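The structure appears right after this line, and notes come after that.
The values are calculated or read from the model by the stated rules, or taken from the named source; none is laboratory data. Keep in mind that what you see is a predicted model, and the values were worked out from it rather than measured. Ideal geometry is used to build each Cβ from the backbone, glycine not excepted, and the neighbour counts take in all protein chains shown.
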Amino acid sequence: MGDFNCRVGESAEIPEHMLGNTNLYQSMISHDKLLNARGRNLLEFMTYNNFSLINGRSRSDRPANFTFSNSNGNSVIDLVFCRNDQLAIIQDLEVLYYINLSDHFPICIYLNNPHSIEAKLVPKVVKKLNWEVERGELFKHFLLYSPNVGNLSYDPDTIYTNFCGTVWQLASTTGLVSESRMSFGGNHKLWFDYECIEAKKHLQSLLKICKKDNFSGQTKLNYLKSKKYYKQIITKKKKKFDQRCIDALSATKDQVSFWKTLNQFRRFDSFCPISIHEWEMYYDTNMKVRVPSCTAYFDAGHFLFDSAITLEELLQCLKKCKKGKAPGNDGISYEFIQNLPNNWLLYICRLYNKILESEKCPIGWSEVVLTMLHKKGPKENPENYRGIALINCCTKLFTLILLERLTWHCNENNILPECQSGFRRSRGCIDNIFVLNSIIQCHLRLSGRKVFAAFVDFKKAFDTVNHNLLWRKLYDSGASAKLIRIIKNIYENASFKIKSNNCFSKTYEICEGVLQGESLSPLLFSIFIADIESYFSSAGLSGINIDNHVSSLMLLFADDLVILSDSEIDLNRKLRTLKNYATENSLTVNINKTKVMIFSRGGYSTLARRYKLYYGESKLEIVSSFVYLGVEFTSSGMFLGMSNSTVLKARQAFGSVASLINRSKMNSWFSRKKLYDSIILSSLTYNIGVWGLRYGENIERAQVGFFKNIFWLPRNTPNYIIRLETNTVKISFLIFKAALSWLFKLKGMPNDRLPKICFNRLVQLSSSSPSPTKFNWVAQVKQYFIEADSLDLWEKCLTNTGNKRELTNQLLESYRNFLLRQDLDSLSRSTSLLFATSFSYMGLPYYLTLKCPTYLIKIIAQLRLCTKNYAKISDKYSTHKIHTDQICTLCNTIKPETINHLFFECPFYNSLRKNYIPHINSFIDLANALGSNSFKTLSSIGDFVTAMLRLRSFLLNE
């Protein structure tokens, strides 16, 4: 099947015995009567190999319709052949006369498929609320004076329904409701506006008339004329849209606007190969039956949890709600709630307080829509997906208020253990990464010491929380009975359905696990698992020492658990206790993903053979490396593996970044740099202040590698000249900056925080013992102070004397100058660079500030940064590598092919020199031109190189 570019006329009949019960005709009839030599040869070849032509033999294509039409004529050249023993599978063939920019028309084949295929939903119109500032003012005015605000019902469902109905009604009145057609291809173009739509409709009508007249006469001329106009308008609109996006990318100053613009050029594959029926089969098998709670919770009331929700409390929580979040089933986004007039904000308070009084939430609040997002692994396996939950914003706002109250209660009463860092204010992944690294360093500084760590993976921990256990633990933590009954009401009515490929599954009850997508769930899970450390302690287990007074038994980040020990026997005891805890709390440990690592100065292979760790009857794998919270830890306690994998990931991202640059036609250096900072640099510097202090040179390879990739520079281009050319600071600066930020954060922590205890211990060890620097984070940071010639500020940082901001700025400025001096010194000593030593590096060079074609930037950069012995110059179509030890292949002067020879000596380029660069007559002229602030001069060099490469390619290939 395809464009065979040959005319087959009306081919021979298919023997009757081959047709059997098929839907095909024996003879072929066609609008295209011409049979040419290519067509005759093709038919003979196909007949010899037992294939028959389908065109002109089916119900919808008899006679065979033209598949190609332009000003030169019409023909049937897009052909479909089928093996003779498979003809019965063909149900029909149809030429689709749809509008497209090609001169060919698409062909649709209908097959007799014995297997059932799930029918797609017909695209339908969906109404959406879209907030706009200008129209929003009128919406707020109408809402302010709406009589519906006086609804005094005592039923939360009625109050909520009235609110939603009023918002939708007035939004529709003020033009804040838009209609969009759900599509399955995802090919909607933002530049395809009303003018394009009208031109396409007109062209479609002419195509229908043209088809009736068999693509002849005046109707065809009218069709071709209209199609030409349609192509022109499409090209014009797309060009205008691209230019607006380019200007927007250059003008954006914040990340949100930058990515909103750039995402228009990204390709998202949202198709899921798993059908709705398969999703339903999966959940039918895995969903558990709800176990009703027989326990009733009562108390005398609580001053915090049971008090009425105030307007001030509501407004504080509204400020924390991020704009741009997708709404739930009610379609009302945060923007609409945040812009409610005061009387309607009080109405929301009334709704929430009625819920507190009645302890019943509106039924729709518990309905969740799950959009399945592929994680990794085969896309056909449902286990490799995680659900993105869409819940009503009113629900999330209410649970956010409950979250604020419950968080205050937990902090005041120390409900959550110190080892838990997940979903807690002023804590993050870096806390646990630092603590684990510090414990390893404290022990491995002494030869013979080992640290045993079990990295435990709970299987779907959030989705398998036992509700009855959760209510009991909430009650034991001091939460009020009213709060528990309200949360229970939400969970008892909770249900979800899957949305995949614009289809919806049936509804399922949520019988276990915390709800996804709402604010309170992370803290509920943390409370559920908060007793794990005390459970271990009550079993007589202790942690691994940090100093003489404090030990650490485990680290938690939500459900990511690390159990620490100093011996094989002790860790096995802790794993047995873990099994008991998991059994009592209905949690399942994933044996295949739970790993053990033994940190020591010795070899990994010896340790793996020597020690045996078990969870129940299952032996756990001892690994040499493990990625914990995004950082790769190795058994040696070093982070060389992390630095190598970080560089590798950055290099793998080069292709996607380059693709985005090309698709968006990004012609601004600042936009490219912003893209680099967002994608490459952010991944390179993830928590780098903890693990990267000793690996700056290694990580630097990724940074300079990106710029070499962007400019198409040779690998041997010195790194220092790349940084000077792009006015980019060495990655070590960012490492020091991150380490300083963490250092000051550590100093500001309370003394009972684990990171602060570890830091104090490292400070003590760095000053009192001769332990190697590689096993002391504090000593590594101190080394940066020495390099910055700022050792006098070290004590100020440790003692918190002096202004934090001034200290930071002074240190960073000193270190930046130190790194810049290093690069300038390297440049001054260089004997290999051809032009670079001629330029001054006091900021970004002029050519990088220009908005000009990418190929011109590349040519100028390649010339400015080339070496005396080797250069690579390229335009949009070809690349030429210049080796100075090779003779010019074009001329007979027997001279080496150097930059000087190409620009000034080779006689084949004389006419090009006169035409493009008559003002450049010597090496000094060329050096001055490359450093020029004249776009005309730089453009002439680019034009000369482009013409030279094309001429060279032509002469060598002739």
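Computed quantities for the displayed model
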{"quantity": "Residue within region 301-313 that is free of Cβ contacts under 8 Å to residues at least 12 places away in the same chain, out of contact with any Phe, Trp or Tyr (no Cβ under 9 Å at 6 or more places or on another chain), part of a loop (DSSP other than H, G, I, E, B) and assigned by TED's automatic domain parsing to the domain that holds E404 present", "calculated": "yes"}
{"quantity": "Those residues of region 133-166 which are exposed (fewer than 11 other Cβ atoms within 10 Å of the Cβ) and within 30 Å of N489 (Cα to Cα), in sequence order", "calculated": "G150, L152, Y154"}
{"quantity": "Which numbered condition I498 misses (of (1) surrounded by fewer than 20 Cβ atoms within 10 Å (Cβ to Cβ); (2) assigned to a strand (DSSP E or B))", "calculated": "(1)"}
{"quantity": "Scan of region 664-690 for residues that are hydroxyl-bearing (S, T, Y), under 21 Å from the mean Cα position of the chain (by Cα) and outside any helix (DSSP H, G or I), ordered by number", "calculated": "S664, T685, Y686"}
{"quantity": "L524 among the hydrophobic types (A, V, I, L, M, F, W, C), in contact (Cβ under 8 Å) with a residue 24 or more places away in the chain and assigned to a helix (DSSP H, G or I)", "calculated": "yes"}
{"quantity": "Unmet requirement for Q516, which otherwise passes all of (1) of a type outside the set (F, W, Y); (2) more than 30 Å from F271 (Cβ to Cβ); (3) part of a loop (DSSP other than H, G, I, E, B)", "calculated": "(2)"}
{"quantity": "Among (1) on the phi > 0 side of the Ramachandran plot; (2) surrounded by fewer than 15 Cβ atoms within 10 Å (Cβ to Cβ) - the single one G56 does not satisfy", "calculated": "(2)"}
{"quantity": "Of all residues in region 82-97 being in contact (Cβ under 8 Å) with a residue 60 or more places away in the chain and either assigned to a loop (DSSP other than H, G, I, E, B) or buried (at least 19 other Cβ atoms within 10 Å of the Cβ) (or both), the one that is farthest from the chain's Cα centre (by Cα)", "calculated": "L87"}
{"quantity": "Output for region 613-648, where each listed residue is out of contact with any Ser or Thr (no Cβ under 7 Å at 6 or more places or on another chain), in contact (Cβ under 8 Å) with a residue 24 or more places away in the chain and in a strand (DSSP E or B)", "calculated": "Y614, S618, E621, I622, F626, Y628, V631"}
{"quantity": "Of the criteria (1) hydrophobic (A, V, I, L, M, F, W, C); (2) free of Cβ contacts under 8 Å to residues at least 12 places away in the same chain; (3) in contact with a Leu (Cβ under 9 Å, 6 or more places away or on another chain), which one M749 fails", "calculated": "(3)"}
{"quantity": "Flag if T285 is hydroxyl-bearing (S, T, Y) and in contact (Cβ under 8 Å) with a residue 12 or more places away in the chain", "calculated": "no"}
{"quantity": "Which listed residue, of N432, N381, N413, is more than 19 Å from S521 (Cα to Cα) and under 22 Å from the mean Cα position of the chain (by Cα)", "calculated": "N381"}
{"quantity": "Options S505, S519; residue that is within 30 Å of the chain's Cα centre (by Cα) and farther than 20 Å from E359 by Cα", "calculated": "S505"}
{"quantity": "Residue ID - farthest from F839 (Cα to Cα), chosen from residues in region 925-958 that are among the acidic types (D, E) and either more than 41 Å from the chain's Cα centre (by Cα) or loosely packed, with under 12 Cβ neighbours inside 10 Å (or both)", "calculated": "E958"}
{"quantity": "Options T937, T898: the member that is polar (S, T, N, Q), under 26 Å from P845 (Cβ atoms), in contact with a Lys or Arg (Cβ under 9 Å, 6 or more places away or on another chain) and at pLDDT 90 or above", "calculated": "T898"}
{"quantity": "In region 191-229, the residues that are part of a helix (DSSP H, G or I), aromatic (F, W, Y) and closer than 16 Å to F105 by Cα", "calculated": "Y223"}
{"quantity": "L827 vs. criteria in contact with a strand residue (DSSP E or B) (Cβ under 9 Å, 6 or more places away or on another chain), of a type in the set (A, V, I, L, M) and part of a helix (DSSP H, G or I)", "calculated": "yes"}
{"quantity": "Number of positions in region 593-614 that are more than 9 Å from S624 (Cα to Cα), at pLDDT below 95 and polar (S, T, N, Q)", "calculated": "2"}
{"quantity": "Lone unmet requirement of (1) more than 32 Å from the chain's Cα centre (by Cα); (2) surrounded by 19 or more Cβ atoms within 10 Å (Cβ to Cβ) for Y475", "calculated": "(2)"}
{"quantity": "Residue within region 487-499 that is touching a residue at least 40 places away in the same chain (Cβ under 8 Å), closer than 18 Å to Y283 by Cβ and among the aliphatic types (A, V, I, L, M) present", "calculated": "yes"}
{"quantity": "Test result for F654, of a type in the set (F, W, Y), modelled with pLDDT under 85 and either out of contact with any strand residue (DSSP E or B) (no Cβ under 7 Å at 6 or more places or on another chain) or buried (at least 20 other Cβ atoms within 10 Å of the Cβ) (or both)", "calculated": "yes"}
{"quantity": "Residue in region 649-663 that is among the hydrophobic types (A, V, I, L, M, F, W, C), part of a helix (DSSP H, G or I) and more than 30 Å from Q243 (Cα to Cα) present", "calculated": "no"}
{"quantity": "S922 within 47 Å of the chain's Cα centre (by Cα) and within 24 Å of Y841 (Cβ to Cβ)", "calculated": "no"}
{"quantity": "Breaking point among (1) part of a loop (DSSP other than H, G, I, E, B); (2) under 25 Å from A836 (Cα atoms), for L693", "calculated": "(2)"}
{"quantity": "Close pairs from region 559-585: first without any contact (Cβ under 8 Å) to a residue 12 or more places away in the chain and over 20 Å from K459 (Cα atoms), partner of a type in the set (A, V, I, L, M) and outside any helix (DSSP H, G or I), Cβ under 6 Å, at least 6 apart", "calculated": "none"}
{"quantity": "Filtered residue count, region 627-651, keeping only those that are among the hydroxyl-bearing types (S, T, Y), buried (at least 21 other Cβ atoms within 10 Å of the Cβ) and closer than 19 Å to G603 by Cβ", "calculated": "1"}
{"quantity": "Region 292-350, subset closer than 16 Å to G136 by Cβ and among the polar types (S, T, N, Q), residue surrounded by the fewest Cβ atoms within 10 Å (Cβ to Cβ)", "calculated": "N342"}
{"quantity": "So C442, is it within 30 Å of K379 (Cα to Cα) and either surrounded by fewer than 20 Cβ atoms within 10 Å (Cβ to Cβ) or touching a residue at least 24 places away in the same chain (Cβ under 8 Å) (or both)", "calculated": "no"}
{"quantity": "Conditions (1) assigned to a loop (DSSP other than H, G, I, E, B); (2) touching a His at 6+ places or on another chain (Cβ under 9 Å); number of the one not met by K482", "calculated": "(1)"}
